[in-house]
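In what follows, a structure is listed as structure tokens, so that the remarks can point back to it.
FYI, it's all coordinate maths here, none of it is from the lab. Because the structure is predicted, anything quoted here is derived from the model rather than measured. Cβ: placed from backbone, ideal geometry, glycine included. Neighbour counts: every protein chain shown.
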Amino acid sequence: MTIARLNVLTCAGMLLLATAMPAAARADRFVFETSIPELQGAMGEGKVTSRQLVEAYLARIAAYDQRGPRLNAVIALNPLALEDAARMDRERAEKGPRGPLHGIPVLIKDNFAVAGLPTSDGTLALATYTATTDAFQVRRLRAAGAIILGKTTMHELAMSVITVSSLSGETRNPYDPRRTPGGSSGGTGASIGASFAAAGMGSDTCGSIRIPAAYQSLFGMRGTSGLSSRSGVVPLSSTQDEAGPLARTVTDLAIMLDATVGADPDDPVTKAMTERPAPAYREGLRPGGLKGARIGVLRALMTPEMMDAAMRDKTLAALEAMKAEGAEIVDVTIPDLDPTIKAASVIAHEFTRDFAAYLARYPGAPITSATDIAGKGLVHEAVDARLKQRAAVGAHDAKAYAEALAKRAVARRTILDAMATAGVDVLAYPTALQPPPLRGAEMFGAGTCMISAVTGLPALSMPLGLSINALPVGIDLLGRPFEEAKLLHLAYGWEQAAHPRTPPFSTPPLTNGKAPAPSHFKVRTSSEGPRAEVAFIFDPLNATLRYDARLDRLGNDNPVALTLQRSEDGKPGAIITNLLRPGQRKAKGVLQLDTRARADIAAGRLYLRLFTHAHPLGREEAPIPPQR
């Protein structure tokens, strides 16, 4: 952990956490997987206060961010959060709530300016860069009564989609802490997935909201270009950047959009919003949103060669489920889409210019440009080569830049024409083609993020549920300009019909303010003849299974194997691992269960089986009791 992180999180935050624990133990039941309307209802009925909600979320962060699964998703806590919440409680008592976000704690990605807190953009070089004013959307959230709980980790300079940085290190996925949460809004994705706040803010230049949403079973919206202000958000590309919310429910997403969407004189791209009515996304949600909808599917992006098999199976099953709810599924083919989309990205042309312009407009940073840090040992190795390349881009690329901008218009027209020809309301395609990479690995290919990013068309990522491998799967719905309400309506219809969200195993509810402790249990393989006895310790937060195995009553028989296996449909299934090598009579070890094996042990589908020379095909199964 860096000194900067210790200063911000430990000194300011841990003192605040320590004072929060007693009330947090009482309030945790109000915050785990709880929607904004439910939180608002509980406060309105006097069952809980905003201050107690803050305390409960802080307790969860203390239990799971740097302990337990160590998600490492929060980079800074707001030392004024409890004071702000108490003020909102007093205002509620005196005047009533401002609206649905009154007293609701939220988290903000660390490229948004939040007054009084560092705006690091995920880089060590900006660890001391403290904002003096709020970003436009943060200001809107405060005006709506939201409590800024703190800031979340992000991929350094927002330059990729795995969330690694020189300031915070690697962030973990609560559905499998061995894996990345996606990025660059990975800290927000992991935090909201783990119920560290009611909802959160991210930014998306090419998938940075939608990929973390898909990988944490969340809903995430990249709005139409010009829908929401980027003022006060450190840029990656002024043309492609969008900023917006991630949430566990469609209703929560709509509430956050209602609060943050609007014209901003400091971000001229939002001028179209001055001519549009005030957003009313939540009011537009109605049951049965899929009935009669025509959904165009880009199956060319879902071939077995391109897409993970388990994710593909889940996606195809979801499309059939949408059809059963009354949607018409239409296959759409767009020739030459991939090369057109790839040629239309302008990130490499704009980053250096836009980054320097931001630092000039909001002074106080120890650097003034990307060249101040490129090649100087100030960024993580995952970013170093890309930063050097982009910092070197100059005026000689003007022609290529102009060509990329022109390609954007071509790509947009191509997609809108294809939608019109097919007569579809939206296009659907996988948010991600592969599961979250293991930490330390890069993403597999470019994925699908650029379809929305280079056309400026809105896209909403929504969860489809967990695959057979117990990992979240998401799908993008892409719409026409400023048709976010339609996307929300369809997503709401899917949510109400499928209830696709399953919370992550690694961050369960706290009990008396504490995380669940490891469980200790023993399993014996047989009551007669050769026998294995295994003492287990199961850590439910990290999915580790410690074992101490011993064999007895072998007589003249010799051991061959002691296997850990899964049952499938009540029948013997595949061997997961062998706890003993041939000839061994005792052994100790630690197993790191993958997501599927973790789901199996929770459901009671794992068992032991002893193989010996006298029993070469194994003795009877010894089931492992369900562990949660």
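Give, as ranges by residue number, the residues of the stretch 246-283 whose backbone N falls under 15 Å from the point 7 Å along Cα→Cβ of Lys47.
Under cut-off, by backbone N: nothing.
Are any of the pairs Lys271/Lys486; Lys342/Lys399; Lys314/Lys342; Lys522/Lys586 more than 20 Å apart by Cα-Cα distance, and if so, which?
Working: Lys271/Lys486 22 Å; Lys342/Lys399 16 Å; Lys314/Lys342 27 Å; Lys522/Lys586 15 Å.
Pairs exceeding 20 Å: Lys271/Lys486; Lys314/Lys342.
Taking the Cβ of each residue in Glu442, Glu533 as the centre, tally the other Cβ atoms inside 10 Å and list the residues starting with the fewest.
Details: Glu442 12, Glu533 17.
With the fewest neighbours first, Glu442, Glu533 line up as Glu442, Glu533.
Using the Cα centre as the reference, give the magnitude of the dipole from point charges on the C-beta atoms of the stretch 519-623 (Lys, Arg: +1; Asp, Glu: -1; all else neutral), rounded to the nearest 20 debye. Write out the running numbers ahead of the final one.
Details: 17 positive and 12 negative charges, 50 e Å.
Value, rounded to 20: 240 debye.
Could you pull out every residue, at least 5 positions away or on a different chain, whose amide H is within less than 5 Å of the one on Leu579? Hs are placed 1.01 Å off N in the peptide plane, and Pro or chain starts have none.
Residues meeting the amide H criterion: Leu562, Thr563, Leu564.
Please sort by residue number the GluC sites (Glu not before Pro) in the stretch 299-358 whose DSSP state is loop and whose Cβ has at most 11 other Cβ atoms within 10 Å. Write out the running numbers ahead of the final one.
Values: sites: Glu305, Glu320, Glu325, Glu328, Glu350; in loops: Glu305, Glu325.
For GluC sites (Glu not before Pro) across the stretch 299-358 that sit outside H, G, I, E and B with at most 11 neighbouring Cβ atoms in 10 Å, the list reads Glu305.
Let me know the charge dipole size of the stretch 269-334 about its Cα centre in debye, to the nearest 20, where only the beta-carbon of Lys, Arg (+1) and Asp, Glu (-1) is charged. The partial results should precede the final answer.
Numbers: 10 positive and 9 negative charges, 65 e Å.
That gives the stretch 269-334 a dipole magnitude of about 320 debye.
Need the C-alpha centroid separation for the stretch 150-173 versus the stretch 363-418, integer Å.
19
Among Leu53, Pro69, Gly96, which residue has its Cα furthest toward the positive end of the charge dipole of the stretch 39-111, with +1 on Lys/Arg Cβ and -1 on Asp/Glu Cβ?
Result: Pro69.
So for the pair Leu438, Ile468, with labels modelled 7 Å out along Cα→Cβ, what separation do we get in nm?
2.1
For a quick check: with amide H placed at 1.01 Å from N, whose amide H comes under 5 Å from Leu591's, ignoring anything fewer than 5 positions away on the same chain?
So Leu591 has HN proximity to Leu545, Arg546, Tyr547.
What lysines could a cross-link reach from Lys109, if we take a straight Cα to Cα line under 18 Å and drop same-chain neighbours fewer than 8 places away?
Lys151
Helix 81-95 versus the longest principal axis of the chain: what angle, 0 to 90°, nearest 10, using Cα atoms?
Between helix and principal axis, roughly 70 degrees.
Report, in debye and to the nearest 20, how large the dipole of the chain comes out about its Cα centre when Lys and Arg carry +1 and Asp and Glu carry -1 on their Cβ. Mind dumping the intermediate values first?
Values: 70 positive and 62 negative charges, 265 e Å.
That gives the chain a dipole magnitude of about 1280 debye.
Only one of the values [x] 56; [y] 74; [z] 41 was calculated from this structure for percent of Cα pairs over 35 Å apart; name its label.
[z]
Enumerate the calculated ³J(HN,Hα) couplings along the stretch 378-383 in order (Karplus 6.51 cos²θ - 1.76 cosθ + 1.60, θ = phi - 60°), each rounded to whole Hz, writing x wherever the residue is Gly or Pro.
10, 10, 5, 4, 5, 10
Ranking request for peptides 576-588, 200-212: highest mean number of other beta-carbon atoms within 10 Å first, then the rest in descending order. Numbers along the way, then the final one.
Values: 576-588: 14.8, 200-212: 32.2.
Ranking, from highest mean packing down: 200-212, 576-588.
Which whole-Hz ³J(HN,Hα) couplings does the stretch 252-266 yield from phi under the Karplus relation 6.51 cos²θ - 1.76 cosθ + 1.60, θ = phi - 60°, glycine and proline marked x?
My calculation for the stretch 252-266 gives 4, 4, 5, 4, 5, 5, 4, 7, 10, 7, x, 5, 9, x, 7 Hz in order.
Quick one: if you stick a label point 7 Å off each Cα along the C-beta vector at Glu38 and Arg98, how many nm between them?
Each label point lies 7 Å from its Cα, and together they span 2.5 nm.
In whole angstrom, note down how far apart the Cα centers of the stretch 270-331 and the stretch 30-76 are.
Result: 30 Å between the Cα centres.
For the chain, what is the relative contact order in percent, using Cα pairs closer than 8 Å and at least 6 residues apart in sequence?
On the way: 1492 pairs, mean separation 82.1, N = 628.
Averaging sequence separation for qualifying contacts and normalising by length gives 13 percent for the chain.
Sorted by average packing, counted as other Cβ atoms within 10 angstrom per residue and highest first, what order do 472-480, 372-380, 613-621 take? Don't skip to the end; give the middle numbers.
Numbers: 472-480: 26.1, 372-380: 17.3, 613-621: 14.0.
Highest to lowest by the protection proxy: 472-480, 372-380, 613-621.
State the answer as a single residue: which of Pro530, Gly589, Ala614 lies farthest towards the positive end of the charge dipole of the stretch 519-623, with beta carbon charges of +1 for Lys and Arg and -1 for Asp and Glu, about the Cα centre.
Result: Gly589, furthest along the dipole toward the positive end.
Can you give me the long-range amide H partners of Gly474? Hydrogens built in the peptide plane at 1.01 Å from N, cutoff under 5 Å, separation of 5 or more residues or another chain.
Hits under the 5 Å cutoff: Thr431, Ala432, Leu464.
Averaging over all projection directions, find the projected area of the Cα convex hull of the stretch 519-623 and quote it in nm² with one decimal place. Before the final figure, lay out each step's value.
Numbers: hull surface 24.6 nm².
That works out to 6.2 nm², a quarter of the Cα hull's surface.
Suppose the chain between Ser369 and Glu275 were pulled fully straight at 0.36 nm per residue; how much longer would it get relative to their current alpha carbon spacing? Kindly include the intermediate steps, with their values, before the conclusion.
Values: separation 94, 0.36 × 94 = 33.84 nm, distance 3.59 nm.
Computed gain between Ser369 and Glu275 is 30.3 nm.
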